[in-house]
Amino acid sequence: MSYSFWEAVKGRRSRYGFSSEKPVSEERITQIVRDAIYYTPSAFNSQSTRIVILFHDNNRKLWDFTLEELKKYTTEEQFEDTKTKVNQGLASGYGTILFFEDHDVVKGLMDNFPLYKDNFPVWSQHTSAMHQFVVWTALEAEGLGASLQHYNPLIDSAVAKEWEIPDNWKLVAQMPFGKPLADPGEKTFSEVDARIKVFK
Ligand SMILES: Cc1cc2nc3c(=O)[nH]c(=O)nc-3n(C[C@H](O)[C@H](O)[C@H](O)COP(=O)(O)O)c2cc1C
C-alpha cells in the first residue's frame, strides 16, 4: 500500500460511476477483506461481521435484483431514473461487497450478558460500520473508489436465496466499488471547532 493511513482517510469519498478497468486483482481485494475481517475490532471481540464479495456476473445479478425490487415501488418514469442511477452509479464497477452481521452471535451475547442485553444489537451495527470504514478506506488506498448503499431489507430474500446466505446473517450494507470515472463532487464541512472540545 503506497498511501499513508491519513492520505487514505482524507482521500476516501463516496464515489459513483466506474470504468470497466480492474487495476487491482480479485486476490488483492479478497485479501483486503480478509485483513479487514481479521483485524477490525468488534464489541466484546464478538467477531460478528460476515462479508460476501460479488465479482462479475454476481455483481450484475445483485443490481438486477435491486432493480426488480425497486420497480415494485416506483412509477415507470421514476424507474427509468432509478435504472440509470443504479446501472451507471453502482453496478458499473468491479464488484460489490456485502456486509452482514451474524445474529446468532449477537443473540448469544444478549443471553450471556443480560446486563448489556439492549446494547448488543447497537454494538453489532457499530462493529459492522467499523468494518465498512476499514474496507472503504483500504479500497481508496488501492486507487479504487466505493460508495455505501442500503437496499436492505428490500433485497434480503433475493440475496439470501441466490448466494445461500445462512438465516442468521442479516444484511447491513452494500459497497459497490471500482475504478472511478470522475472526481467526487465538492463536499461541505461543518466547523470542526463546534464539533470537538479539548480539555488540557
Ligand atoms: C452510516 C452511513 C450510511 C450511508 N448510507 C448511504 C446510502 O444509503 N446511499 C448513499 O449513496 N450513500 C450513503 N452514505 C454516504 C454518505 O452520504 C457520505 O459518506 C457523506 O455524504 C459524506 O460524503 P463522502 O463519503 O464523499 O465523504 C452513507 C454513509 C454513512 C456513514
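The values are calculated or read from the model by the stated rules, or taken from the named source; none is laboratory data. Just so we're clear, the structure is a prediction, and the values are computed from it rather than from any experiment. For neighbour counting, all protein chains shown are included, and Cβ atoms are generated from backbone atoms with ideal geometry for every residue, glycine included.
Is there a residue in region 34-48 that is part of a strand (DSSP E or B) and under 16 Å from the mean Cα position of the chain (by Cα)?
For region 34-48, residues part of a strand (DSSP E or B) and under 16 Å from the mean Cα position of the chain (by Cα): absent.
Of the conditions (1) small (Gly, Ala, Ser); (2) within 12 Å of the ligand (Cβ to nearest atom); (3) over 19 Å from PRO41 (Cα atoms), SER128 satisfies every one except a single condition; which number is it?
With (1) small (Gly, Ala, Ser); (2) within 12 Å of the ligand (Cβ to nearest atom); (3) over 19 Å from PRO41 (Cα atoms) applied to SER128, the lone miss is (3).
Taking VAL134 and the conditions (1) in contact with a Lys or Arg (Cβ under 8 Å, 6 or more places away or on another chain); (2) among the aliphatic types (A, V, I, L, M); (3) under 15 Å from ILE51 (Cα atoms), which numbered condition does it fall short on, given that it satisfies the others?
Failing condition for VAL134: (1).
Before we move on, is THR30 modelled with pLDDT of 95 or more, among the polar types (S, T, N, Q) and within 16 Å of the ligand (Cβ to nearest atom)?
no
Just to be sure, is GLU164 touching a residue at least 60 places away in the same chain (Cβ under 8 Å) and acidic (Asp, Glu)?
Criteria not met by GLU164.
For the list (1) under 18 Å from LEU154 (Cβ atoms); (2) within 16 Å of the ligand (Cβ to nearest atom); (3) part of a helix (DSSP H, G or I), I need the number of the one condition that ARG60 fails.
Evaluating ARG60 over (1) under 18 Å from LEU154 (Cβ atoms); (2) within 16 Å of the ligand (Cβ to nearest atom); (3) part of a helix (DSSP H, G or I) leaves (2) as the failure.
Could you look through region 131-161, keep only residues that are in contact with a helix residue (DSSP H, G or I) (Cβ under 6 Å, 6 or more places away or on another chain) and in a helix (DSSP H, G or I), and pick out the one that is farthest from the ligand (Cβ to nearest atom)?
Once the filter is applied, the top-ranked residue is ALA158.
All but one of (1) at pLDDT 95 or above; (2) of a type in the set (D, E, K, R); (3) more than 16 Å from the chain's Cα centre (by Cα) hold for GLU140, so report the exception by its number.
Failed condition: (3).
Would you confirm, using the coordinates I've provided, whether THR96 is farther than 20 Å from SER20 by Cβ and at pLDDT 95 or above?
no
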